[in-house]
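Note sheet for the following structure.
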Amino acid sequence: MPSPSPLFDLTGKTALITGSSLGIGRGLAKGMQEAGATIVVNGRNAERLTTAADELRGDGATVHELPFDVTDHAAAQAAVDGFEANQGAIDILINNAGMQHRGPLEDFEAAAFENIVTTNITAVFNVGQAVARHMIKRG
């Protein structure tokens, strides 16, 4: 694993990146890892999550898998509480999980809109609240 930049050293910190099994989240996880952070990857698809974690572990780094659905408030709370109790503190949260749906307004399904809001807004609250409760206690 390369040495972190002296300008951006996250050695000793643990970072949870939601939606990190693919795309931008996976890239963010790699960047945080290169800065020295221990990584906690998150996603709903366990197979993709394991693939992402294995890729990151290829450099010999510590990578944790935390599969849960960010749109489920109770699941987010349980996952974060369990991680904090068993693995240690989450120091950094990147709320990356998100989605989009494109289509003409007149044909846009209400369920698709609700899914976007739940994933892009409610999930930020769910995970942010779960992690903040622990961070605030630590000061």
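The values are calculated or read from the model by the stated rules, or taken from the named source; none is laboratory data. Quick caveat: nothing in here was measured; it's all calculated off a predicted structure. Virtual Cβ from ideal backbone geometry, glycine too; neighbours counted across all protein chains shown. Each accessible area value is taken on the protein alone, full model and side chains, heavy atoms only, with ligands, DNA and RNA left out. Shrake-Rupley method; radii C 1.70, N 1.55, O 1.52, S 1.80 Å.
Mean separation of Cα pairs under 8 Å and 6+ residues apart, divided by the residue count of the chain: what relative contact order is that in percent?
Contact order relative to length: 24 percent.
Given a 10 angstrom Cα cut-off, can you work out which residue in V80, V117, V70 is the most mobile in a GNM of the chain?
Largest GNM mean-square fluctuation: V117.
Could you give the alpha-carbon Rg of region 86-139 over 2.2 N^0.38 Å, rounded to two decimals?
Cα-based Rg divided by the globular estimate yields 1.56.
Assuming 0.692 mPa s and 37 °C, estimate D for the chain with Stokes-Einstein, Rh taken as the Kirkwood radius over Cα pairs, in µm²/s.
210
Given charges of +1 on the Cβ of Lys and Arg and -1 on the Cβ of Asp and Glu, with all other atoms neutral, how large is the dipole of region 80-124 about its Cα centre, in debye to the nearest 20?
120
For the chain, give the percent of accessible area contributed by carbon and sulfur heavy atoms, probe 1.4 Å, rounded to a whole number.
Carbon and sulfur together cover 55 percent of it.
Treating the angle as unsigned and between 0 and 90°, give the value, to the nearest 10°, between the Cα long axis of helix 73-86 and the longest Cα principal axis of the chain.
Helix 73-86 sits roughly 10 degrees off the main axis of the chain.
What distance in nm separates the simple spin-label points at R48 and D81, each placed 7 Å from Cα in the Cβ direction?
About 2.8 nm, to one decimal.
Report the charge-dipole magnitude of region 30-139 in Debye, nearest 20, computed about the Cα centre from +1 at each Lys and Arg Cβ and -1 at each Asp and Glu Cβ.
400
Of G43, G98, G12, which is the most mobile in a GNM of the chain whose springs link Cα atoms less than 10 angstrom apart?
Taking springs between Cα atoms under 10 Å, the residue moving most is G12.
P(r) tail for region 29-98, what percent of Cα pairs lie past 21 Å?
Tail of P(r) above 21 Å: 21 percent of Cα pairs.
Select from D69, D107, D54 the residue whose mean-square fluctuation is largest in a Gaussian network model of the chain (Cα-Cα springs shorter than 10 Å).
D107
Averaged per residue, what accessible surface does the chain expose to a 1.4 Å probe, in Å²?
On a per-residue basis, the chain sits at 55 Å².
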